[in-house]
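Trainee: Before we start, here is the structure in question, set down as structure tokens.
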Amino acid sequence: MYEKYVNIVFGFLLLIALYVINTYNYLLFHSIAELVISAIAFSVFIFTWNARKYTDNHFYLFLGISFIFTGFINLFHIISYKGMGVFPEHYGANISTQLWIVMRYVTGISFFIAPFFVKRKFNEKLVVTIFFVIISALFASIFYWNIFPNCYIDGIGLTRFKKISEYIIILFFSGSLYLLWKIRKEFDLNIFKLLILSITLSIIAELFFTFYANAYDTANLLGHFFILISFYLIYKSILIIGINKPHDIIFRQLKQGEERLKEEKSVIAAVIENTEAHLAYLDSDFNFIFVNSTYAKMNKHSVDWFVGKNHFRILPNEENEFIFKKVRDTGEPISFKAKPFKFPGQPELGVTYWDWTLTPIKDSAGKVQHLVLSLVDVTEAKRVEEMLRESNNFSQSLLQTIPFGMDIVDEEGNILFVNKKLEDLFREKIIGKKCWSVYRDDKKQCIICPLRKGINISETATIEAECVFGGKTLQVTHTGMIYKGKKAILEIFEDITDRKKVEEKIKHLASFPEFNPDPVLELDLSGKIIFYNRAVSRVLNDLKIKDDASVFIPKDIFKIIEIFKEGKIDLTLWEIKIGNKYFKENIYYTPQFNSVRIYVDDITQLRCAEEELKKENLKLLESDRKKTEFISVVSHDLRTPLTSIMGFADTLKNKKLKLDEEQKETFVGYIQEESRRLGRLISDFLDISNIEDGSLKIIKQKTDINQLISNMINMFKINKKDIQIIVEFESNLPEINVDEDRIKQVIQNIISNAIKYSPPESVINIDAKKVNSDIQVTIRDQGVGIPDKEKEKVFEKHHRIDTHISRKERGTGLGLAISKAIIEIHNGRIWIEDNLPVGSKFIFKIPIL
Amino acid sequence: MKKKKILVIEDEKKINQLLSINFAGEGFQVDTATSGEQGLEKVDKFMPDIVILDVRLPLMDGWEVCRRIKGNHKYKDILVVMLTALTQKADMEKAKVFCADGFIGKPFEIDDIIKKIKDMT
């Protein structure tokens, strides 16, 4: 305290003394003031330079080095001052001002740079050299080269350069203030205050120096005062405090280290308290000095409870006590992994496992004074490990016993694991080899190997491949997996040799349809052909259909497939006709192959026989029908005349009726007429019957057709309708070989028909002529004519055209049928044409000899 | 007693004549027709008690004539006897369907037919 006041009083006295000197002689004042400044600067240098080994803070060292140079510059400033007379007079105040500016620049810039060295060290010799070079260059620019800008011109005053420079220097000081403020924690508070004050005073001093008019005025004086105080404060901060409280600077780092140590201690304490490890600190008699809370909790007591108690009193264990003693006596630390331990009195815990370390702490004499016990409960880990081992054993035995070959291959193709089954398959050691060297005979395998693409664990894609190793066919399934922490492929080899053989056999059996002599086709469920055997081609070839097997598909195949899909049936029979051939088709649904199979059977022969049979049957049916009809017609036709005959005979006999002679004669005539008709009918029926069973007898003889017609025509010349019959003969007609009576019968039938259907007094023409090698007879009438559709049918038995012709004019209905048969027996032909403008032409021709 | 009237419709004139003479001899008043159309005309004019009707007639056959007679309320009291050689079952059935009252097959004995008609009347 006292010392401080002395310093302040001394300082004031100095300033007052200087002021007094100033009023007496400014030069003297200036010289003393500046000398004091230089002295302080040198002192700072000396202190910092010598203290540099003890301090890590090079902030002061840098300032110190800069100060020795500023001190020297300042000395030159003193002696070059105007009126000192050391330098030639013409320099005036300029040279001194220039030196002053140089000094202030150096000081300002140094203050600006120094904060960067608070935490950094520099090579002091290099810094001194740099300072020396720069300062020398500046001196040379003033004294030798004369290029340093003018700072003061007599009569004008301070130059613009000088003033601007002061401002720049102020900026440097301000920058220094800012930088120091940022790192203020690195300084002792008192030192920091002095530094800030010192720099601030320097800034104020600079301001004064910017506006002094001459080297002797008040502004100049005040500037010097402030500079002096500023330097004093630097001196104070470094020199005075540095001497009085040297450890504050030198041991500042040490203090900081201590603080860090404290911090670390608390961190360690926290760690000790919160660690999983059970920690105990024991003395050499194994009494607890300290336990952490984990340790205390384990033993169900408080931390304090343990202090002073003996470890083996609490947890008696001879083996452990022996170990403890050994560590204490040898001084060698010991540690165990998963050492089993049973808590006395706590049987429910069972055996627990501990990783533990016992570390002896020795004193300076090498004697063990304390022991640190660290325990980690690994019971759970042990249990998990145990389980893992079990499960591993289980999987190992599983892998070894499953009936598949298995290996695990890593990304480089190294075989990491092989089970027994696979080893048996290879009959050699393959573990550790490269997979491709072992499986080299399987090219396919390597192509699809997932190793080529890289293993993808997230993808559980399984790739199957078949490969052949030494006569065995194996199916390989790859699965990406992690094995011992690395990506790997699990390969499962399944021996499918036997299966393959069976498959081959099935394939062989399946090839049978190919050789099936009957066509076999397979369709997919859209009705498209996916297979057909060679029999299909052969049949197509036979049918001359150009290889379009689809002809075998029934038109309704889509319906059939639909029905199949419904699942109600799986087989259907179908029949199709291709060309002139018939095929029966067994259509099978094979859902396991999603297909439909058609087995084709050629049933043409069967079908033809059947058709033949049907036709025959129809014929029989028809002939039966016709016979029945014939019988009914015959019976009717016979009964009608019979009724008349019988009826009139009865009538004639009936005396009651009292018939006159004329009536009797008429009725007798009726009986005769009907009897004849009956006779005709019977002979016609006989004829037709003979014709139908092929027993119609004809007796051929050479016949002149003209003669024949002439002989028979007379019987028709006189008729009830007065129809004129005109015969036209062609002369010299050759003879024909015919049954005369039968041909007469034909002509008679035709003419009687013609008369029947012709109007009264019309004309019937008959002519015979030679046409080519035939004799052709034509009978023309002027009757009602026959429609075209009937022209054939009139030759059928009992065919009649609906007409108004009354029944009495009807014949037997057999005449034309008999006529046709007769002509055909003679190898001739009979037909009808229209007789224009009205009537019909009946024409028949018979070959000449 | 009033004479029973018989109409014979039959295209075979000989049969017509045969039946006319014999029924007249039995005391019936007889008329004849040779076609279906003519027969129907005569049914209307003559109003017979009995019609002997041949099945086989040209153009309009006997069944059609029968149907027309039986279909007309005016002729409800007229008995129709069908006459045919077609003595087949089908004809008998047909006769029933067309509501014919009797059936005479050809050939017939005159005595039989007279007896049958007499029984009916």
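The values are calculated or read from the model by the stated rules, or taken from the named source; none is laboratory data. Please read all numbers here as calculations on a predicted model, not as lab measurements. All Cβ positions, glycine included, derive from the backbone under ideal geometry; neighbour counts span all protein chains shown. Ligands, DNA and RNA are excluded from the accessible area calculation, which covers all protein heavy atoms including side chains. Shrake-Rupley method; radii C 1.70, N 1.55, O 1.52, S 1.80 Å.
Trainee: Using a 1.4 angstrom probe and counting only protein chains, how large is the accessible area of A:M715 in Å², to 10?
Mentor: Here the accessible area works out near 110 Å².
Trainee: While we're looking at this one, here's another question. If B:R56, A:R427 are ordered by their accessible area, calculated over protein heavy atoms with a 1.4 Å probe, which sequence runs from highest to lowest?
Mentor: Values: B:R56 70, A:R427 205 Å².
Result, largest first: A:R427, B:R56.
Trainee: Of A:K720/A:K793; A:K501/A:K544; A:K619/B:K106; A:K501/A:K546; A:K720/B:K70, which sit over 30 Å apart, Cα to Cα?
Mentor: A:K501/A:K544; A:K619/B:K106; A:K501/A:K546; A:K720/B:K70
Trainee: While we're looking at this one, here's another question. Taking 7 Å along the Cα-to-C-beta vector as the label spot, tell me the A:F515-A:M84 distance in nanometres, rounded to one decimal.
Mentor: Going from the A:F515 label point to the A:M84 one covers 13.3 nm.
Trainee: Next question, about the same structure. Ranked from the most accessible area to the least, with a 1.4 Å probe and all protein chains present, what is the order of B:L59, A:L61?
Mentor: B:L59, A:L61
Trainee: From the residues A:L523, A:I578, A:F564, which one has its Cα farthest along the dipole of region A:511-602 in the positive direction, the dipole being from +1 and -1 charges on Cβ of Lys/Arg and Asp/Glu about the Cα centre?
Mentor: A:I578
Trainee: Next question, about the same structure. Roughly how many percent of the accessible protein surface of chain A is carbon and sulfur, given a 1.4 Å probe and a whole-percent answer?
Mentor: Values: 27940 of 48220 Å².
Of the solvent-accessible surface of chain A, carbon and sulfur hold 58 percent.
Trainee: Lys/Arg Cβ at +1, Asp/Glu Cβ at -1, dipole of chain A taken about the Cα centre: which of A:C435, A:P760, A:S237 is farthest positive-ward?
Mentor: A:S237
Trainee: I want to check the label-to-label distance for A:K577 and A:F72. Put each point 7 Å from Cα in the C-beta direction and report it in nm to one decimal.
Mentor: If labels sit at A:K577 and A:F72, their model points lie 13.7 nm apart.
Trainee: Sum up the charges of everything whose Cβ sits under 12 Å from the Cβ of A:H826, counting Lys and Arg as +1 and Asp and Glu as -1, but leave A:H826 out. Numbers along the way, then the final one.
Mentor: Numbers: positive: A:K700, A:R742, A:K820, A:R829, A:K845; negative: A:D739, A:E740, A:D774, A:E824.
Summing Lys/Arg as +1 and Asp/Glu as -1 gives +1.
Trainee: I've got another one for you. Any chance you could run the full-extension gain for A:L836 through A:F12? It's 0.36 nm times the residue separation minus the Cα-Cα distance, nm to one decimal.
Mentor: Details: separation 824, 0.36 × 824 = 296.64 nm, distance 17.82 nm.
Taking 0.36 nm per residue and subtracting the Cα distance, the gain is 278.8 nm.
Trainee: Right, something else. If N is the number of residues in region A:511-602, what value comes out of its Cα radius of gyration divided by 2.2 N^0.38 Å? Mind dumping the intermediate values first?
Mentor: Values: Rg = 12.5 Å, N = 92, 2.2 N^0.38 = 12.3 Å.
Compactness ratio reported: 1.02.
Trainee: Could I ask something else about it? Send over a whole-number figure in Å² for the accessible area per residue of region B:5-120, probe 1.4 Å. Spell out each step's value before the answer.
Mentor: Working: 5080 Å² over 116 residues.
Normalised by residue count, the accessible surface of region B:5-120 is 44 Å².
Trainee: Using a loss threshold of 40 Å², tell me which positions in region A:636-655 are less accessible in the complex than in their chain alone. Probe radius 1.4 Å, ligands and nucleic acids ignored.
Mentor: A:H636, A:R639, A:T643, A:M646, A:F648, A:D650
Trainee: Test of the criteria: in region A:622-712, which trypsin sites (Lys or Arg not before Pro) are in a DSSP loop and have at most 16 other Cβ atoms within 10 angstrom of their Cβ?
Mentor: Hits after loop and neighbour filter: A:K658, A:K697, A:K700.
Trainee: OK, next. Express in nm, to one decimal, how much length is gained between A:V307 and A:V271 on full extension, taking 0.36 nm for each residue of separation and deducting their alpha carbon distance.
Mentor: Taking 0.36 nm per residue and subtracting the Cα distance, the gain is 11.0 nm.
Trainee: Considering only protein heavy atoms, what per residue accessible area in square angstrom results for chain A with a 1.4 angstrom probe?
Mentor: Details: 48220 Å² over 849 residues.
Computed with neighbouring chains in place, this is 57 Å² per residue.
Trainee: Here's a follow-up. Considering just Cα atoms, how many Å³ per residue does the convex hull of region B:5-120 enclose?
Mentor: On the way: hull volume 10.4 nm³, N = 116.
About 89 Å³ per residue, rounded to a whole number.
Trainee: Shifting gears a bit: Tell me the net charge near A:S526. Cut-off is 12 Å between Cβ atoms, A:S526 excluded, with +1 for each Lys or Arg and -1 for each Asp or Glu. Could the numbers behind the result be given before it?
Mentor: Working: positive: A:K528, A:K565; negative: A:D524, A:E562.
Combined, the nearby Lys, Arg, Asp and Glu give 0.
Trainee: No solvent, one uniform scatterer per C-alpha: report log10 I(q)/I(0) for region A:2-249 via the Debye equation at q = 0.09, 0.12, 0.14 1/Å, two decimals.
Mentor: -0.38, -0.69, -0.94
Trainee: Just how many % of Cα pairs in region A:1-123 lie over 20 Å apart, if you round to the nearest whole percent? Walk me through the numbers on the way to the answer.
Mentor: Numbers: 4186 of 7503 pairs.
Counting every Cα pair in region A:1-123, those more than 20 Å apart make up 56 percent.
Trainee: Using a basic spin-label model with each label point 7 Å from the Cα along Cα→Cβ, how many nm lie between B:L59 and A:N190?
Mentor: About 16.8 nm, to one decimal.
Trainee: If you filter region A:341-422 for GluC sites (Glu not before Pro), then keep DSSP loop positions with at most 15 other Cβ within 10 Å, what is left?
Mentor: Working: sites: A:E348, A:E380, A:E385, A:E386, A:E390, A:E411, A:E412; in loops: A:E411, A:E412.
The qualifying sites are A:E411, A:E412.
Trainee: Ignoring ligands, DNA and RNA, how do A:E566, A:E273 rank by accessible area with a 1.4 Å probe, largest first? Please list the in-between numbers first.
Mentor: Working: A:E566 115, A:E273 65 Å².
Putting A:E566, A:E273 in descending order of accessible area: A:E566, A:E273.
Trainee: While we're on this one: Am I reading the A/B interface right? What is its buried accessible area, both sides, 1.4 Å probe, to the nearest 100 Å²? Please list the in-between numbers first.
Mentor: Details: alone 49400 and 6940 Å², together 53930 Å².
The contact between B and A buries close to 2400 Å².
Trainee: Here's something else I'd like to know. Taking just the C-alpha trace of region A:698-847, give me its Rg and Dmax in Å.
Mentor: Computed over the Cα atoms of region A:698-847, radius of gyration and Dmax are 14.7, 42 Å.
Trainee: What net charge is computed for the residues neighbouring B:I117, neighbours being all others with C-beta under 12 Å from the C-beta of B:I117, Lys and Arg scored +1, Asp and Glu -1?
Mentor: Combined, the nearby Lys, Arg, Asp and Glu give -1.
Trainee: Okay, next question. If R₀ is 41 angstrom, what is the calculated FRET efficiency for the pair A:E673 and A:C608, using the beta carbon separation as r and rounding to 0.05?
Mentor: Numbers: r = 55 Å, r/R0 = 1.34.
The calculated FRET efficiency here is 0.15.
Trainee: Something else: Across all directions of projection, what mean area in square nanometres is found for the Cα convex hull of region A:275-383?
Mentor: Numbers: hull surface 27.1 nm².
Over every viewing direction, the Cα hull of region A:275-383 projects on average to 6.8 nm².
Trainee: Quick one: what Rg and Dmax do you get for region A:660-765 from the alpha carbons, in Å?
Mentor: Cα-based Rg and Dmax for region A:660-765 come out at 17.4, 57 Å.
Trainee: For region A:106-129 and region A:37-90, write down the distance between their C-alpha centroids in whole Å.
Mentor: The two parts, judged by their Cα centres, are 15 Å apart.
Trainee: For chain A, which DSSP H helices look membrane-span-like by this rule: Cα extent along the axis of 27 Å or more and mean Kyte-Doolittle of at least 1.0?
Mentor: Details: long enough: A:2-24 (33 Å, 1.22); A:26-51 (37 Å, 1.57); A:59-79 (30 Å, 1.92); A:94-113 (28 Å, 1.03); A:160-182 (33 Å, 0.68); A:189-210 (32 Å, 1.89); A:252-274 (33 Å, -0.93); A:379-401 (32 Å, -0.98); A:604-653 (71 Å, -0.52); A:661-692 (46 Å, -0.68).
The answer, listed by residue number, is A:2-24, A:26-51, A:59-79, A:94-113, A:189-210.
Trainee: Taking a threshold of 19 Å on the Cα-Cα distance, which of the pairs A:K119/A:K185; A:K325/A:K382; A:K700/A:K820; A:K614/A:K789 fall above it? Let's see the in-between values first.
Mentor: Working: A:K119/A:K185 12 Å; A:K325/A:K382 28 Å; A:K700/A:K820 17 Å; A:K614/A:K789 28 Å.
Violating the 19 Å Cα-Cα cut-off are A:K325/A:K382; A:K614/A:K789.
Trainee: Same structure, new question: Suppose we look only past 49 Å in the calculated P(r) of the protein assembly as shown. What percent of the Cα-Cα pairs does that tail hold? Provide the component values of the computation, followed by the final result.
Mentor: Details: 336542 of 469965 pairs.
Result for the distance tail: 72 percent.
Trainee: Determine which residues of region A:567-584 fall in the zone a paramagnetic label at A:D542 would reach in this model, i.e. backbone nitrogen under 18 Å from the point 7 Å along Cα→Cβ.
Mentor: A:575-584
Trainee: Ignoring ligands and nucleic acids, what accessible area does A:R120 show with a 1.4 Å probe (Å², nearest 10)?
Mentor: 140 Å²
Trainee: Using only protein heavy atoms and a 1.4 Å probe, report how much of A:L228 is accessible, in Å² to the nearest 10.
Mentor: Using a 1.4 Å probe on the heavy atoms, I get roughly 10 Å².
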